[in-house]
Amino acid sequence: MKALLVTHGTQGDVQPFLALALALRAAGHDAVLAAPASSEPAARERDVEFAALDDGPNRLLDDPVVEEAIDGGYRGVRGKVTALRTMSRIKPLMAAVLRDVGVAARAHRPDVVVHSPTLPAHHVAEMLGVPAVLAALQPGWVPTSAFPCPLVPLPRVPRALNRATYLTVGATLRAYAGIATAWRTEDLGLPRRRGSHDLLRDEEGRPRTVVQAFSPSVSPVAPDWPDTVRTTGFWYLPASASWSPPPELAAFLDDGPPPVYVGFGSMAGRDTARLGALVTEAVREAGVRAVLATGWGGIATGPSSRDVLVIDQAPHDWLFPRTSAVVHHGGAGTTAAALASGTPQVVCPFVADQPHWARLVHQAGVAPEPVRQQR
């Protein structure tokens, strides 16, 4: 079997699909990862076949409107307005991404298409006449009455309204329906049809298979999810066999007690310098050593010092067990890596599913109350 794995976004969106590619290969199958062009080095060092997609919305990480959205977590009326402004910037960039998904599908002719909910790659599966599998890295894509949608900041609602909260996610996806329809009809040569943008049902109206890449021991499995929904556990990407720690990181870890790790990926909002200064001051006041990971610009800070080492990034499965605590933004992948390492964690959630993971790890007794942003 040959699988085309389609995803987009930052490192946390790509790494689980890269882990899936390795698992499929180990099981005797072929896998092609279609992801932003900036992800190619990670695939290449693991010898995974790669199809480059336009970087699209990734170009907006420094956009002031997107930074404002992250800063406010889409909360309140202002947050909803900012969300609409963010979508208006993303929409025109998606056309090039979808074009490249079509190119990859035609070039590789897979037997199955596995895709993230943020890219409607089920259209290319329909074009090729093969199954499409939805791969979700967090709950919130399959409606349930058991709990409200974890992907959107909503006030507490009566249990009877839980299922209705998932309409918010559907409305967000429908905002891109015009671009997807143009791609479907003009590029892929498929006819317009009712329900063509439904991620959960195929062209015959049958439920699609959904694999959820998170642990049911951490995030609950809803009893009313259909049998086509499989919750598999987190998809961990181990460090590349060719990776070794930079000399300065190895020396820092050997030179004293285990440090605190602090990293927020691309989640920092508008004032990364202020955040970097706050983190550095907190490390000093706590009297600890720290490794600060700047990631995708999540923290802007000065040079390393005796007690603070500034790095770009390091494999979480290698670094986290060597630290005394992990301070992070609550992305699904980072949360999973911290849980696997057995290291205490402190979660500072920003947007989307991050408050969900922050609440769950606190309930599990491995993290304090989430640290809320002060604006």
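Descending by average beta-carbon neighbour count within 10 Å, the peptides 168-175, 138-145 line up as 138-145, 168-175, the highest first.
Using DSSP H assignments, which helices in the chain have an axial alpha-carbon span of 24 Å or above and a mean Kyte-Doolittle hydropathy of -1.0 or higher?
Details: long enough: 76-108 (45 Å, 0.29).
Both cut-offs are met by 76-108.
Only bridges with both residues in the chain count here: give the DSSP antiparallel percent, nearest 5. Numbers along the way, then the final one.
Numbers: 1 of 39 bridges.
In the chain, DSSP labels about 5 percent of beta bridges as antiparallel.
In a fully extended conformation the segment linking E369 and R109 would gain 88.8 nm over its present Cα-Cα distance, using 0.36 nm per residue. Taking label positions 7 Å along the Cα-Cβ direction at both K2 and R230, the computed distance is 2.2 nm, reported to one decimal. Between the listed residues G295, P223, A352, the Cα displaced farthest toward the positive end of the dipole of the chain, a dipole computed from Cβ unit charges relative to the Cα centre, is found at P223.
Magnitude of the Cβ-charge dipole of the chain, K/R +1 and D/E -1, about the Cα centre, nearest 20 debye?
Values: 35 positive and 35 negative charges, 261 e Å.
Here the size comes out at about 1260 debye.
What area, in nm² and to one decimal, does the C-alpha convex hull of the chain cast on average over all directions? Working shown, then result.
Details: hull surface 73.2 nm².
In nm², the orientation-averaged hull projection of the chain is 18.3.
When the alpha carbon gyration tensor of the range 84-191 is reduced to an equivalent ellipsoid, the three semi-axes, largest first, read 29, 17, 11 Å. Within the accessible surface of the chain, defined with a 1.4 Å probe on protein heavy atoms only, the carbon and sulfur portion equals 55 percent. Note on V157 and L93: the model spin-label points, each 7 Å out from Cα along the C-beta direction, lie 2.9 nm apart. For the chain, the solvent-accessible area with a 1.4 angstrom probe is 47 square angstrom per residue.
Each Cα pair under 8 Å and six or more residues apart adds its sequence gap; the mean of these over the residue count of the range 217-363 is a relative contact order of 23 percent. Among 339-347, 157-165, sorting by the average number of other beta carbon atoms lying within 10 angstrom of each residue, highest first, gives 339-347, 157-165. Taking all Cα pairs closer than 8 Å and separated by 6 or more residues, the relative contact order of the chain comes to 14 percent.
The values are calculated or read from the model by the stated rules, or taken from the named source; none is laboratory data. Please read all numbers here as calculations on a predicted model, not as lab measurements. Here Cβ is always computed from backbone atoms with ideal geometry, including for glycine, and neighbour counts include all displayed protein chains. The accessibility values were calculated without ligands, DNA or RNA, using every heavy atom of the protein model including side chains. Shrake-Rupley method; radii C 1.70, N 1.55, O 1.52, S 1.80 Å.
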